[in-house]
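Peer 1: Structure in structure tokens, see below.
The values are calculated or read from the model by the stated rules, or taken from the named source; none is laboratory data. The structure presented is a predicted model; accordingly, all values stated were derived computationally and were not measured. Here the Cβ positions follow ideal geometry from the backbone for every residue, glycine too, while neighbour counts run over all protein chains shown.
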Amino acid sequence: MNPRILTMVVFILLMVLAVSFFTRMRQSTAPEPVVLKTLDLGNDRAIRITVEPNSQRTLSLHYHVDAEGQTLIDHAFFGTLPRTSPPPEFVTYIANDGDLVGLAQVVAPNRIILLHDFATGDSFPHRPVAYKENDTRKSYPYYEDEGPILARGEALFERLTAEHPDPPLELLRTMASRPLTIPTSQPVPE
């Protein structure tokens with residue numbers, strides 16, 4: 001066999017092995033999301049808040065909705081926090097006989113940051129992902145447009161505020177990477 005061809009084959013094999021090794025190492029070092037808080041809503045329902053590093057300066061916050069042992073919404077992004085911020089505390093608003101849940105931060109209890117309706121499965125700001133039928137590897141996701149997401153959020157918010165008119169609530173409508181209210185050391189007014 002020609003020594004040049006043999007050298008080329010060995011080189012290609014070494015490159016494939018090196019790429020495979022580094023890919024595995026990179027995947028194994030990616031941190032898993034950390035559960036920040038599990039909000040038990042009764043009737044075998046819960047919302048889990050997870051956090052994961054987004055960059056050197058921020059943390060991404062995601063929510064997961066569980067009911068009757070199944071995950072209904074998994075890994076839905078809803079905000080960011082500076083890495084130096086203490087973990088947020090949440091206040092819940094319940095409506096429609098426990099089916100509709102709204103979440104706000106304790107430091108800004110009138111700003112609703114996420115909503116979920118267990119009866120219909122509607123959730124805000126969850127952005128459903130779809131794939132084309134021929135995309136079996138799920139390489140090219142298509143996300144729902146912001147218009148329907150905001151409309152869904154506003155409809156859920158109207159139902160929530162019908163049962164919680166005081167104090168006046170506000171829906172945080174920003175869909176992009178939005179920071180949550182940064183907690184301060186000042187006491188929260190009651």
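Peer 1: Answer yes or no: is there a residue in segment 80-87 that is assigned to a loop (DSSP other than H, G, I, E, B), among the polar types (S, T, N, Q) and touching a strand residue (DSSP E or B) at 6+ places or on another chain (Cβ under 9 Å).
Peer 2: yes
Peer 1: Are any residues in segment 32-57 without any contact (Cβ under 8 Å) to a residue 24 or more places away in the chain, more than 18 Å from residue 79 (Cβ to Cβ) and part of a strand (DSSP E or B), and if so, which ones?
Peer 2: Hits for segment 32-57 are 40, 46.
Peer 1: Follow-up. Has segment 147-154 got any residue that is in contact (Cβ under 8 Å) with a residue 60 or more places away in the chain, in contact with a strand residue (DSSP E or B) (Cβ under 8 Å, 6 or more places away or on another chain), of a type in the set (Lys, Arg) and not in a loop (DSSP other than H, G, I, E, B)?
Peer 2: Taking every residue of segment 147-154 in turn, none turns out to be in contact (Cβ under 8 Å) with a residue 60 or more places away in the chain, in contact with a strand residue (DSSP E or B) (Cβ under 8 Å, 6 or more places away or on another chain), of a type in the set (Lys, Arg) and not in a loop (DSSP other than H, G, I, E, B).
Peer 1: Just for segment 78-89: of the residues that are crowded, with 18+ Cβ neighbours inside 10 Å and out of contact with any Lys or Arg (no Cβ under 6 Å at 6 or more places or on another chain), which one is nearest to residue 36 (Cα to Cα)?
Peer 2: The residue in question is 88.
Peer 1: Still on this model: For segment 114-131, give me the residue count where each residue is modelled with pLDDT under 80 and more than 18 Å from the chain's Cα centre (by Cα).
Peer 2: Total meeting the criteria: 1.
Peer 1: Sort through 83, 48, 57, 111 and tell me the only one that's out of contact with any Pro (no Cβ under 7 Å at 6 or more places or on another chain), modelled with pLDDT under 90 and of a type in the set (D, E, K, R).
Peer 2: 83
Peer 1: Moving to a separate point now. Looking at (1) polar (S, T, N, Q); (2) surrounded by fewer than 18 Cβ atoms within 10 Å (Cβ to Cβ); (3) not in a loop (DSSP other than H, G, I, E, B), which is the only condition residue 60 fails?
Peer 2: Single failed check for residue 60: (2).
Peer 1: Could you pull out the residue among 119, 95 that is touching a helix residue (DSSP H, G or I) at 6+ places or on another chain (Cβ under 8 Å) and surrounded by fewer than 12 Cβ atoms within 10 Å (Cβ to Cβ)?
Peer 2: After ruling out the rest, the residue left standing is 119.
Peer 1: Still on this structure, I have one more. Within segment 91-146, track down each residue that is without any contact (Cβ under 8 Å) to a residue 60 or more places away in the chain, closer than 18 Å to residue 162 by Cβ, polar (S, T, N, Q) and outside any strand (DSSP E or B).
Peer 2: Residue satisfying the conditions is 120 alone.
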